[in-house]
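The values are calculated or read from the model by the stated rules, or taken from the named source; none is laboratory data. For clarity, every value in this text was computed on a predicted model and none was experimentally measured. Cβ atoms come from the backbone with ideal geometry, glycine included; neighbour counts cover every protein chain shown.
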Amino acid sequence: MLIDLHTHSYPHSDDSFMSVDELIEASKSKGLDGICLTDHDNFWTGEQAAGLSKKHDFLVIPGCEINT
């Protein structure tokens, strides 16, 4: 199983230009089995991740990168 454990999406992280939906579809097209959403100082809830997982039929794990 291949999972990217450090991803960012726009507009939550300034270093990304993809929406979360675009990020998921791009990850699927690269052959990944899942991603962990780790936007800067933005906490994805379990409910949000579950909704995205269902919408895209793809594993989405909630996470957060804390700016220090």
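The table for this structure:
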| quantity | calculated |
| --- | --- |
| Enumeration of residues in the range 1-18 that are surrounded by 12 or more Cβ atoms within 10 Å (Cβ to Cβ) and either under 9 Å from the mean Cα position of the chain (by Cα) or part of a strand (DSSP E or B) (or both) | ILE3, ASP4, THR7, HIS8, SER9 |
| The range 19-45, residues that are small (Gly, Ala, Ser) and in a helix (DSSP H, G or I) | ALA26, SER27, SER29 |
| Sole exception among (1) surrounded by fewer than 11 Cβ atoms within 10 Å (Cβ to Cβ); (2) in contact (Cβ under 8 Å) with a residue 24 or more places away in the chain; (3) in contact with a strand residue (DSSP E or B) (Cβ under 8 Å, 6 or more places away or on another chain) for GLY31, by number | (3) |
| Identity of the residue in the range 46-68, in a loop (DSSP other than H, G, I, E, B) and in contact with a strand residue (DSSP E or B) (Cβ under 6 Å, 6 or more places away or on another chain), that ends up modelled with the lowest pLDDT | ASN67 |
| Selection within the range 33-60 - under 16 Å from ILE3 (Cβ atoms) and within 11 Å of the chain's Cα centre (by Cα) | GLY34, ILE35, CYS36, LEU37, THR38, TRP44, ALA49, LEU52, SER53, PHE58, LEU59, VAL60 |
| Sole residue being surrounded by fewer than 12 Cβ atoms within 10 Å (Cβ to Cβ) and among the charged types (D, E, K, R), chosen from GLU47, GLU65, GLU22 | GLU47 |
| Where ASP41 falls short, out of the listed (1) touching a strand residue (DSSP E or B) at 6+ places or on another chain (Cβ under 6 Å); (2) at positive phi | (1) |
